[in-house]
Each structure stands twice: as C-alpha cells, then as structure tokens.
1. Select from the stretch 63-109 the residues that are over 14 Å from residue 124 (Cβ atoms), without any contact (Cβ under 8 Å) to a residue 24 or more places away in the chain and part of a strand (DSSP E or B) and list them in ascending order.
2. Of the residues 124, 47, 79, 105, only one is within 21 Å of residue 22 (Cβ to Cβ), at pLDDT below 80 and in contact with a strand residue (DSSP E or B) (Cβ under 9 Å, 6 or more places away or on another chain); which?
3. Condition first: surrounded by fewer than 19 Cβ atoms within 10 Å (Cβ to Cβ) and touching a helix residue (DSSP H, G or I) at 6+ places or on another chain (Cβ under 7 Å). Now tell me which residues in the stretch 65-113 satisfy that.
4. Mind checking which residues of the stretch 114-128 are out of contact with any helix residue (DSSP H, G or I) (no Cβ under 9 Å at 6 or more places or on another chain) and touching a residue at least 60 places away in the same chain (Cβ under 8 Å)?
5. Checking residue 54 against (1) at pLDDT 75 or above; (2) surrounded by 14 or more Cβ atoms within 10 Å (Cβ to Cβ); (3) within 18 Å of residue 128 (Cβ to Cβ), which single condition isn't satisfied?
C-alpha cells in the first residue's frame, strides 16, 4: 500500500501505541508534478481480534447504536483491538475514504464510546482510507 502524505501533515499524533502497527513501513520524501510530500509504503496488516469485557461492551455499542446509523450511508465500523484504554476502529463501506470519516469517528463514534465506556480514553482510526474498495456511498 502506498499513499502520499502532504509535507505539512503533523506527526504529533503518533503515539507509542501506534508503533507496532508501523512495523515494516517505509517513509520517503518525494517531489513530483502533483506536489511534494511523504510517500508511505506499509505492508498489509491483520490486526488482532479484540477480546475481553471492554471489547464486548464496545462491540455491543457498535452493533446497537453506531453501525445502524453508519449503514444509512453504506458504511460500518469494526472494532479491531482494545489496548491500554485505546479502541482501534476500522471504518468501511461508504465511510472508508469519505471526506467526513474523521469527523464521524471523532465527533460520533469516539464520543459515544467514551460516554458509555469510561475505561476508553481514546479511539484511533486504523482504516486504510487510500484503499478505495468502496470509498463512497453509491445508490
């Protein structure tokens, strides 16, 4: 998987918990006709299945409240892992690649999860938004 990230993008959101997900990733600075930025090559990664009581509560919230709302746009959210108070969520379908996906994640999904499950302090998006299998809702 290759994606171009603008040089102005901030790496300040990189946390120690994200480091295992970056194994095997290479980053190069490139300049071309489309502009300049960082070229990121990351191998496909299968995240571990989330288990335990907190994961079960998050999954129930996804199944009962979050995914029915996302389904109206052809999307959905999947809990990939829970570790150290962080829920790792992958959004797919019509949400994958959508310009509003980060707002949906932070203002919708993360807010609901943190309100209902106080053990969760952060929700991180582990979606490959550049994959483009079904990046937008199609009627």
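1. If the condition is that a residue be over 14 Å from residue 124 (Cβ atoms), without any contact (Cβ under 8 Å) to a residue 24 or more places away in the chain and part of a strand (DSSP E or B), then 76 is the only one that fits.
2. None of the others qualify; the one that does is 47.
3. Selection gives 65, 83, 84, 86, 112.
4. In the first step, residues of the stretch 114-128 are kept if they are out of contact with any helix residue (DSSP H, G or I) (no Cβ under 9 Å at 6 or more places or on another chain); the result is 114-115, 118, 128.
The answer is 128, and nothing else.
5. Unmet for residue 54, out of (1) at pLDDT 75 or above; (2) surrounded by 14 or more Cβ atoms within 10 Å (Cβ to Cβ); (3) within 18 Å of residue 128 (Cβ to Cβ): (3).
The values are calculated or read from the model by the stated rules, or taken from the named source; none is laboratory data. Since this is a predicted model, take the numbers as computed values, not measurements. Cβ: placed from backbone, ideal geometry, glycine included. Neighbour counts: every protein chain shown.
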